[in-house]
Amino acid sequence: MRKLRILLGFFLYASVSFAQDQRPAFWDDIQGFKKKDSVSFPTKDAILFVGSSSFTMWKDVQNYFPAYTIINRGFGGSSLPDVIRYADDIILPYSPKQIVIYCGENDFAGSDTVTAQLVFARFKQLFFIIGDQYPKAKLTYISMKPSPSRLRLMPKMLEANLLIKNFLKKKRKTSFVDVYHSMLEADGKPIESIFLADKLHMNANGYAIWQKLIEPHLLK
């Protein structure tokens with residue numbers, strides 16, 4: 001009997017472990033958002049920030065924009081396909097008046113085969129998903145930033161930024177925030193003093209730059 005209980009316990013553990021292994025990337029992050037929503041669901045007509053770790057680590061983003069109601073649904077390490085996968089969970093439930101996106105940088109970091117055209121195509125897919133659900137909401141895209149740890153990716157990011165910028169120029173209720181050029185030294189390299197020790201994520205000085213550039217684009 002003891003051996004049977006041990007065997008059943010092993011199979012139960014193995015089945016749970018297998019189920020966890022089958023979960024898509026960032027599943028736990030999304031469940032965390034859902035749990036937070038179940039306690040206190042965000043108000044309608046807020047401004048939704050969605051994207052990757054530059055938003056995730058901006059934990060005090062509401063303090064930077066006190067005149068606005070901000071919902072932060074950034075999850076670290078995410079790429080555009082991840083945001084698309086979880087759009088039903090992190091974008092569509094909230095009825096925001098504006099969606100601010102920072103994503104695409106990790107698409108390039110994840111594979112050398114990813115081109116600017118591919119990232120642009122992924123962005124357009126997300127753009128139309130949002131537009132179909134919230135045609136009256138404003139969509140703002142924050143350009144991919146230059147980081148000291150990702151110097152080799154800067155040309156691709158610059159190209160993708162331009163493709164997205166030119167696309168949004170032709171669309172109503174959109175805007176493009178160019179943070180890229182404001183984060184460069186005179187020699188064209190990223191300003192290292194605005195980054196954390198990992199040379200990828202920003203410190204408060206970096207976010208101060210973002211604040212000045214983003215705020216004019218936010219809806220009252």
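In the chain, carbon and sulfur make up what percent of the accessible area (probe 1.4 Å)?
Working: 6560 of 11590 Å².
Ligands and nucleic acids excluded, carbon and sulfur reach 57 percent.
As a length-normalised measure over Cα pairs under 8 Å and 6 or more apart, the relative contact order of the chain settles at 18 percent. To the nearest ten degrees, helix 154-169 and the longest principal axis of the Cα atoms of the chain are 70 degrees apart.
Shape of the range 146-219 from its Cα gyration tensor (a ≥ b ≥ c, root eigenvalues): rounded if a/c is under 1.5, otherwise prolate when a/b > b/c, or oblate? Please list the in-between numbers first.
Numbers: a/c = 2.57, a/b = 1.41, b/c = 1.82.
Note, shape of the range 146-219 comes out oblate.
The angle between the Cα long axis of helix 204-214 and the main principal axis of the chain comes to about 60°, on a 0 to 90 degree scale. Evaluating 6.51 cos²θ - 1.76 cosθ + 1.60 at θ = phi - 60° for every residue in the range 52-60, the Karplus couplings come out as 9, 5, 4, 8, 3, 7, 8, 5, 9 Hz, glycine and proline recorded as x. More than 22 Å apart: what percent of Cα pairs in the chain qualify? In whole percent, the share of Cα-Cα pairs in the chain beyond 22 Å is 53.
Which of the residue pairs Lys173/Lys212; Lys35/Lys165; Lys59/Lys97 have a Cα-Cα distance greater than 28 Å in the structure shown? Could the numbers behind the result be given before it?
Details: Lys173/Lys212 20 Å; Lys35/Lys165 35 Å; Lys59/Lys97 21 Å.
Lys35/Lys165, as the Cα separations exceed 28 Å there.
Restricting the calculation to Cα atoms, the range 117-159 shows an Rg/Rh of 1.10 when the hydrodynamic-style radius is the Kirkwood one. For the peptides 91-100, 180-189, residues were scored by their other Cβ atoms within 10 Å and the scores averaged per peptide; the highest-first order is 91-100, 180-189.
Rank-order 202-212, 102-112 by packing density, defined as the average count of other C-beta atoms within 10 Å over each peptide's residues, highest first.
Details: 202-212: 15.9, 102-112: 20.9.
My ranking of the peptides, most packed first, is 102-112, 202-212.
Let me know the shape class of the range 26-95, please: from the alpha-carbon gyration tensor, a ≥ b ≥ c as square roots of the eigenvalues, rounded when a/c is under 1.5, otherwise prolate if a/b is greater than b/c, or oblate. Here the range 26-95 falls in the oblate category. Got the relative contact order for the range 46-114 handy, in percent, Cα pairs under 8 Å and 6 or more residues apart? Contact order relative to length: 43 percent.
In the chain, helical runs assigned H by DSSP with n ≥ 4 each contribute -39500 (n - 2.57); averaged across all residues and rounded to the nearest 500, the mean residue ellipticity at 222 nm is -13500 deg cm²/dmol. Against the chain, whose longest principal axis comes from its Cα atoms, helix 27-39 is set at around 80 degrees. In this structure the amide hydrogen of Met202, modeled in the peptide plane, comes within under 5 Å of the amide hydrogens of Leu196, none closer than 5 places in sequence on its chain. Per residue, the chain exposes an accessible area of 53 Å² to a 1.4 Å probe, with every protein chain left in place. The value obtained for the range 40-133, namely the Cα convex hull volume divided by the number of residues, is 95 Å³ per residue. Taking other residues whose beta carbon is less than 12 angstrom from the beta carbon of Pro96, and scoring Lys, Arg as +1 and Asp, Glu as -1, yields +4.
The values are calculated or read from the model by the stated rules, or taken from the named source; none is laboratory data. Everything numeric in this text was worked out from a predicted model, so none of it was measured. Ideal geometry is used to build each Cβ from the backbone, glycine not excepted, and the neighbour counts take in all protein chains shown. The protein model used for the area step is the full one, side chains on, heavy atoms only, and it has no ligands, DNA or RNA in it. Shrake-Rupley method; radii C 1.70, N 1.55, O 1.52, S 1.80 Å.
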